[in-house]
1. Any chance region C:468-486 includes a residue that's farther than 30 Å from B:Gln84 by Cβ, within 11 Å of another protein chain (Cβ to nearest Cβ), in a helix (DSSP H, G or I) and not hydroxyl-bearing (Ser, Thr, Tyr)?
2. So if I check each of C:Pro56, C:Pro106, which one is within 16 Å of ligand 2 (Cβ to nearest atom) and either out of contact with any Phe, Trp or Tyr (no Cβ under 8 Å at 6 or more places or on another chain) or outside the structural domain of C:Val381 (by TED's automatic domain parsing) (or both)?
3. For region C:1-110, give me every one of the helices (runs of 4 or more DSSP H) that falls completely inside it and has 1 or more residues that are within 14 Å of chain B (Cβ to nearest Cβ) and either modelled with pLDDT of 95 or more or in contact with a helix residue (DSSP H, G or I) (Cβ under 7 Å, 6 or more places away or on another chain) (or both).
4. Answer yes if at least one residue in region C:551-567 is of a type in the set (S, T, N, Q), without any contact (Cβ under 8 Å) to a residue 40 or more places away in the chain, more than 27 Å from C:Gly277 (Cα to Cα) and buried (at least 21 other Cβ atoms within 10 Å of the Cβ), and no otherwise.
5. Identify the single condition in (1) more than 8 Å from chain B (Cβ to nearest Cβ); (2) within 22 Å of C:Arg446 (Cα to Cα); (3) away from ligand 4 (no atom under 15 Å from the Cβ) that C:Trp331 does not satisfy, given that it satisfies every other one.
6. Test B:Tyr325 against the stated conditions and say whether it is more than 28 Å from the chain's Cα centre (by Cα) and surrounded by fewer than 20 Cβ atoms within 10 Å (Cβ to Cβ).
7. Test each condition in (1) within 24 Å of the chain's Cα centre (by Cα); (2) among the basic types (Lys, Arg); (3) away from ligand 1 (no atom under 16 Å from the Cβ) for B:Lys238 and report the one that comes out false.
8. Go through region B:302-322 and give me each residue that's within 14 Å of chain C (Cβ to nearest Cβ) and without any contact (Cβ under 8 Å) to a residue 40 or more places away in the chain.
Amino acid sequence: MAQVHDHSELFPEVMPPEPEKATLEGKNKFFGIWFFLGGETVLFASLFGVYLALKNSTAGGPSSQELFGLGLVFIMTMLLLTSSLTSVYAMYHMRNNDFKKMYLWLGITGLLGIGFLACEIYEFAHYITDYGFTFRSSAFGSAFYALVGFHGGHVLFGICWLTTLLIRNAKRGLNLYNAPKFNTFSIYWHFIDVVWVFIFSVVYLMGKVG
Amino acid sequence: MKDWLSKFRALVLFGIVALVLSACGRENLTALDPKGYGAEVSLKLILLTTIVMTSVFLVVIILLIIVLVRFRRKKGEPLKNVPQVEGSKTLEAIWTIIPIILVGIMAVPTVVATFQLADTSDKDEHININVTGYQYWWHFEYENEEIATSQDMYIPVNKKVYVNLISNDVLHSFWVPSISGKLDVNPENVNTMFIQAYEEGVYFGKCAELCGPSHSLMDFKVVVVSEEEYEQWVNDMKSFNSQELELDAVAAEGRDLFEEKGCVACHATDSQNFVPGQKPIGPDLTQFADRSRIAGILHPTEENLYKWLKDPESVKPGNKMTGAYPELSDEEIEKISAYLMQLSPSEVTAASKE
Amino acid sequence: MATTAAAKRSFWEFIWDYLTTVDHKKIAHLYLAGGGFFFILGGIEALIIRIQLIKPENDFISAGFYNEMITMHGTTMIFLAAMPIIVGLMNAIMPLQIGARDVAFPFLNALSFWLFFFGGLLLNLSFLFGGAPDAGWTSYASLSMDSSGHGIDYYIAGLQIAGAGTLMTGINFIATIVTMRAPGMTYMRMPLFTWTTFVTSVLILFAFPPLTINLFLLMFDRMFGTAFFNVALGGNQVIYQHLFWIFGHPEVYILILPMFGVFSEIFATFSRKRLFGYTAMVFATMLIAFLGFMVWAHHMFTVGLGPVANAIFAVGTMAIAVPTGIKIFNWLLTMWGGQVTINSAMLWALGFIPTFTIGGMTGVMLGSNVADYQYHDSYFVVGHFHYVIVGGSVFGIFAALHYWWPKMFGRVLNETLGKLTFWPFFIGVHLTFFVQHLLGLMGMPRRYWVFLEDQSLDLGNLISTIGAFLMGVGAIIFVINIIVSAFGEKAAADPWDGRTLEWAVSSPAPYYNFAQLPLVRGLDPLWIEKMEGNGKIPAAEPLGDVHMPNGSIIPFLMSIGFFISGFGFIYQTDNVYWYLALYGGLAFSIALMIIRSVKDDYGYYIPKEELEKALEGEAK
Amino acid sequence: MTDTKVNNMSKESFRRQKSREEMQKQLISFGLMIVLTLVAFAVVAMDTFHKGFVIPFLFLMAIVQAGFQFYYFMHLKERGTGMAALLIYGGVWAAFLTLAGLIVISWW
Ligand code: HEA
Ligand code: HEA
Ligand code: CUA
Ligand SMILES: [Cu+2]
């Protein structure tokens, strides 16, 4: 746990093997994001619980079987899963101190995320215009939009975060000060993916089964 | 200082003892003097757990006193170094195992009693009363009897009675401490429990879930009568017709005013138009003159009825009658009161039991 | 510090210093001041409640206002008084106890405080702007949906903002304890207060998200017309109750576990003996936290969950008595064979044992669900939880304040006044709350604006009110003590002959805490050095420059942004222009967040020479 | 001097080698995740299985995928991450309890 004594040490010629955890700040960030995600797990669980308790309370409105189509959800799933892989690539290149490649893969990650969000917006618009199914229609509607929308909000936040990171560090190269930041983002992004796995299984697939 | 303190403590102790002895509260309200099955079962557990826990407390306090007497540093005693003990496996095992046993002693009867009280398999063989909680009053509909009443619930003594609770607005809780523990009155689902009263009398019911400004005034009564009286009461209620009542002139005018002023929009005054399951807007006044209280809390006197009709808000803040009817002159109130005081279908009343 | 910057600073510099500070010790001061303020507020509300209940059918305050009083009393005491004071103590002491120079995220630490502060401010401003929340501190959905006006909206916005701060504190403390322990400070050498801080932070991390979600659902229902709790559209308010208590029960352990830590330190120090059964104490803490997540439905025994659920939760609840009992007996045995000095701090600790045990007794009695059908929502419950909260958390807070006051403020509190605080308060607690158990059994439900005449409830309520005023007397004497002691003599580094690391630095601690990180050789490191070494903690590193974080005004400004957008949320249902406040405030805060993450902040260094000078000064 | 440098170099190439192997494992787990997803979608799309089988099956698929994410993508199996894992499991435990509590209210 060596204290860094001079800021220049944050920019070493050769990066240590795990640049994201080499400094105390980096280590703190690494643990901090994980602990945060521990809390997020409970956060999403609460929303899942609410959804499961209310999913049959359609109040005469459309039910999950009538609403959900699997095609779009499959595409969304593939987009997000792939973005998870691309961010793994980015971290791989970070550990190899290859700044350009890391940027490339992070960029692709962001684009896939945007694609996912676009699909989701299209899906919601479709439900609202074609079925009149809004978050005011029924308790089911409220619970559905709350859960899926909350996840969508997390994706949106992730994209904004990534964009800020990419713009800010574009000219700086990789160093011990910003490596933890990229890593933190990547962990967050994987988590969003994990949540989606449960959403497509519990909301869409189970909703289709009934 | 010391002297004063110990005197004070003695006084406190005396006060507490006096309080305990002075009775366990008002009869027909207290949970400590059960007059029904549920309250009896609960009290048994209350006593059991109190005894177990008091003995635990005594152990703790005795240990504490011993420690303080033996190991207290006296005034002026120099600091010294004492052996630094790490712990003791035996001791720690003891105070892990004994509490586990004590918890078992309390848990087993609890679980047994839980299932006893929750057994509703014979529901259809008994009287069923569908109770609706409203901000700030109670409605009782007797299943299969075509009658309903509000505020006072009549039940026969020593008979199992099922109450099926639902709320018309927000959460309430149905509690008659002397007869049974409470059960919440939820807006989304019917909660069922049975009660059984051991003695005739009028028992105090309370709303136990915060439901708005007049939560503390949402009282009701359970009137426990003999079996024959119960039959009689039901029949009287069924056959009562307020339109055919022989009334003096004032009361008859009151009956007309009751319609004119729109009271009928919310209040029923007989069982003739009874529709099962229909939710009224205001309390059923069919047996208003037999009520033990007006609006659940006021003694049934002319002045109190005047007070209620003049300004219900001053009696029950936030009640749903305020502002729902045109203002009444004193004369009109007098007439309406005269009419309401005639609404007495049965000889069997709360007053006869109090 | 006295040797460096000249003591004379202008008032505004002083204010600016606190507005921008990221130093955990100064943030602790802020927490204590803020929490203390809200404690007095909540206490005054309690006195108003008790005055209203002094006699039957009293009309001291109106029914609506009474409901606002109990709601604000409960909410203020729990979220704005007890928790912040506890977090303040953790902030002040925990980094010192593990030999760290600060917490893991000093900036977030400041942000947490300001979020709490502005959240609490927002909540209390409701009194000025048309009515406070009035649906109880639990704010159950059916009633809180029904409640008119904006009171409940203030509750939602205020708690949401303050809650976010608390959640960050939790993460911050966990990270601090995981990564920043001094060399040699293994987990099983951490003082118990640090342990309980750790476990409490974990509880915060897992308990607050359900509350956050619950408040969101309520907010959407009230402000945007969703149907989570709207029965007509298939909603279900029991969900609210579940989510609230999934948060709410761990919350009560958030209030008590840190105090278990405090008492462990105090009993050990003033018995001059090592904590009896240290390992068992650590595991009992974890066990309480673990079980604490599995018993929430004991607040819902009467909801109609069915016998299976009720039975499971009843047994689970009673089981918590076992680890708690382990603690009680371990404390008693810590004193056994020791040399027990009774001073103010110790008095509170000794008073805690019988008082909390009574509260725990009644807790276990409540846990028997069939008995709870009678107790629930009656004054018996009010009696129970004040016994544990006041007898546990508040006694703990007083004990901790007396114990650590020298370390936090450099002055020892006056002993005589300390004892004078304790006695009225202690007697008052038992007068007020003991009779409440009886009142409950005699048929008095809680949250009752008035109790009716002729129900045999008069005497009990009168006694209860008298007791409350005695507590008030105690509290006032404490305030006097603070003022008097501010002019008292300066505290030594180690006034109690302490055992843990915080007593190895000067009182108050220098802003960098440790010039050299300490080397820890065992449990109770300072005691070990006093017994086996030269009485000084050995250093784990050579003297060198010390890295420090920069102060920042951003946390303060960001919180103001959220504060403003809170108003926007509350009033946007009345008038669309309020969206300006909503989005304006939010945009302001987000902009600051971006600035913070884009602007590099490497902190600064205290040069070695300055530390050398300070150390020499200390040696003199 | 040069010695240590060479030493460093070979250490470095060793590390690179390892992380390339790591990458391969991650690719494989990605492939598995895709397969799991396909199977889950297929089971629902075919519509031939009984509900009582499909729902637990979907849960299982989701949990396995989450495991891959945590351990392969998020490096939870690396050294020094014990506390992170512990708290995630704590979160999962609290999440499980929350879910159980909310789901049973529609049963009881
Ligand atoms: C600091 C806060 C705190 C603490 C520590 C506790 C501790 C406990 N509480 Fe309490 N509780 C509250 C704060 C707290 N509570 C609050 C605020 C409410 C009301 C909320 C509201 O509705 O507004 C509440 C309500 C509440 C209820 C719901 C009542 C109702 O609404 O109907 C129940 C029911 O089971 C309960 C049980 C317990 C139990 C079993 C413990 C246990 O942890 C106690 C354990 C301690 C001991 C048992 C004593 C020491 C042990 C021994 C000496 C060993 C020997 C013991 C045995 C052999 C049993 N509490
Ligand atoms: C940390 C939590 C906490 C604390 C410390 C307290 C402390 C006190 N509480 Fe409270 N209480 C709750 C949490 C707490 N309470 C909760 C959660 C509820 C439930 C709310 C609900 O139903 O929703 C509740 C409810 C509650 C009720 C029930 C209301 C009802 O159901 O109708 C009552 C009634 O007696 C009460 C009384 C008291 C009293 C007398 C104190 C005393 O201990 C207070 C002592 C403090 C003082 C007296 C302040 C001293 C200060 C001064 C006198 C001012 C001096 C000023 C200067 C020097 C400038 N509380
Ligand atoms: Cu109804 Cu309180
Ligand atoms: Cu609890």
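1. yes
2. After applying the criteria, what remains is C:Pro56.
3. Answer list for region C:1-110: C:24-52, C:63-75.
4. Looking for residues that are of a type in the set (S, T, N, Q), without any contact (Cβ under 8 Å) to a residue 40 or more places away in the chain, more than 27 Å from C:Gly277 (Cα to Cα) and buried (at least 21 other Cβ atoms within 10 Å of the Cβ), one finds at least one in region C:551-567, hence yes.
5. For C:Trp331, the exception is condition (2).
6. yes
7. Looking at each condition in turn, B:Lys238 falls short on (1).
8. B:Asn304, B:Lys307, B:Pro312, B:Glu313, B:Ser314, B:Thr322
The values are calculated or read from the model by the stated rules, or taken from the named source; none is laboratory data. Quick caveat, the model's predicted, so the values are computed rather than measured. Because the Cβ atoms are built from the backbone with ideal geometry, glycine has one as well, and the counts that use them run over all protein chains shown.
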